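Data block below; observations after.
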Amino acid sequence: MARVSQEHLDARRRQILDGAAHCFARNGFHATSMQDVLREVDLSAGAVYRYFSGKEELIGAIVTEVLDEVRDAFETAALRRPPETPDILVEHVMERVLATDAGVKAGGPSGLARLLVQVWTETLRNEELAALMREGYEKVRAAWIKVVEAYQEAGLMRADIPAGDIARTMIATCQGFAAQHALFGEVPIKVLQNGVRGLMSMGGPVAAGPEAG
């Protein structure tokens, strides 16, 4: 029997993850069965179960991929001197996440946001997924802390406020933006960027707003 190349195995795994992300975002985690995933990817049960034992393992792999992309984006930003300001950084990170295979297959910003909210809900009852989320969150927070420390070293941010507190708040801002996407419909990333920029402006000169029509 001919050996299957690693490229083929990776491509098959990618196909399954993409199909699962599309199903979960479209129908919801609990409403999606493994049969739905099989139909979506047009593979046999044996082919799919060779890679994933079930829905929980599929959603765990998708979560890990998204969190790894977020962490990598922040770690890359922390290497810049000085790093990009928070308003620019959150835009770039959100764009990178949406460009992941999971983001694309979930159906763009709103689809990925719905998928993330479902994952957060599932962590309340699934301890294994909750542990995976905690591990991924801590990695993202550690990367954000590096960015904040770079801001503080460059004199761009107050050094008397714990970097961990700022990192946690910035993560919460992005999570809240994702929740708004899922609950209220798609909002341009530019809105998040402008909001962060407005908060950053406190204490500086206030520009005149547009005149009322």
Within region 114-139, restricting attention to residues that are in contact with a Leu (Cβ under 6 Å, 6 or more places away or on another chain) and in a helix (DSSP H, G or I), which residue is nearest to residue 174 (Cα to Cα)? 136
When residues of region 69-111 are limited to those that are out of contact with any Asp or Glu (no Cβ under 9 Å at 6 or more places or on another chain) and polar (S, T, N, Q), the one modelled with the lowest pLDDT: 76
Filter region 101-113 for residues that are buried (at least 18 other Cβ atoms within 10 Å of the Cβ) and closer than 10 Å to residue 18 by Cα; which is farthest from the chain's Cα centre (by Cα)? 105
Residue set 29, 52; condition farther than 15 Å from residue 118 by Cβ and in contact (Cβ under 8 Å) with a residue 24 or more places away in the chain; output residue 52
Filter result (hydroxyl-bearing (Ser, Thr, Tyr), open to solvent by 60 Å² or more (accessible area, probe 1.4 Å) and within 18 Å of the chain's Cα centre (by Cα)) within region 44-68: none
For region 35-58, how many residues are more than 22 Å from residue 124 (Cβ to Cβ), of a type outside the set (Ser, Thr, Tyr) and in a helix (DSSP H, G or I)? 11
Scan region 84-95 and give yes if some residue there is of a type in the set (Asp, Glu), more than 18 Å from residue 140 (Cβ to Cβ), out of contact with any Gly (no Cβ under 8 Å at 6 or more places or on another chain) and part of a helix (DSSP H, G or I), otherwise no. yes
Selection from region 189-213 of residues open to solvent by less than 80 Å² (accessible area, probe 1.4 Å), modelled with pLDDT of 80 or more and not in a helix (DSSP H, G or I) yields 201
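Any idea which residue in region 2-43 is modelled with the lowest pLDDT, counting only those that are hydrophobic (A, V, I, L, M, F, W, C) and either open to solvent by 30 Å² or more (accessible area, probe 1.4 Å) or more than 20 Å from residue 103 (Cβ to Cβ) (or both)?
2
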Return the only residue of 72, 87 being in contact with a helix residue (DSSP H, G or I) (Cβ under 7 Å, 6 or more places away or on another chain) and closer than 26 Å to residue 188 by Cβ. 87
Condition (residue is part of a helix (DSSP H, G or I), touching a helix residue (DSSP H, G or I) at 6+ places or on another chain (Cβ under 6 Å) and open to solvent by less than 30 Å² (accessible area, probe 1.4 Å)) applied to region 151-161: is it met by at least one residue? no
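The values are calculated or read from the model by the stated rules, or taken from the named source; none is laboratory data. Owing to the predicted nature of the structure, the values given are computational and were not obtained by experimental measurement. Please note: Cβ atoms are built from the backbone with ideal geometry, for glycine as well, and neighbour counts cover all protein chains shown. We work out accessible area using only protein heavy atoms, side chains counted, and drop any ligands, DNA or RNA first. Shrake-Rupley method; radii C 1.70, N 1.55, O 1.52, S 1.80 Å.
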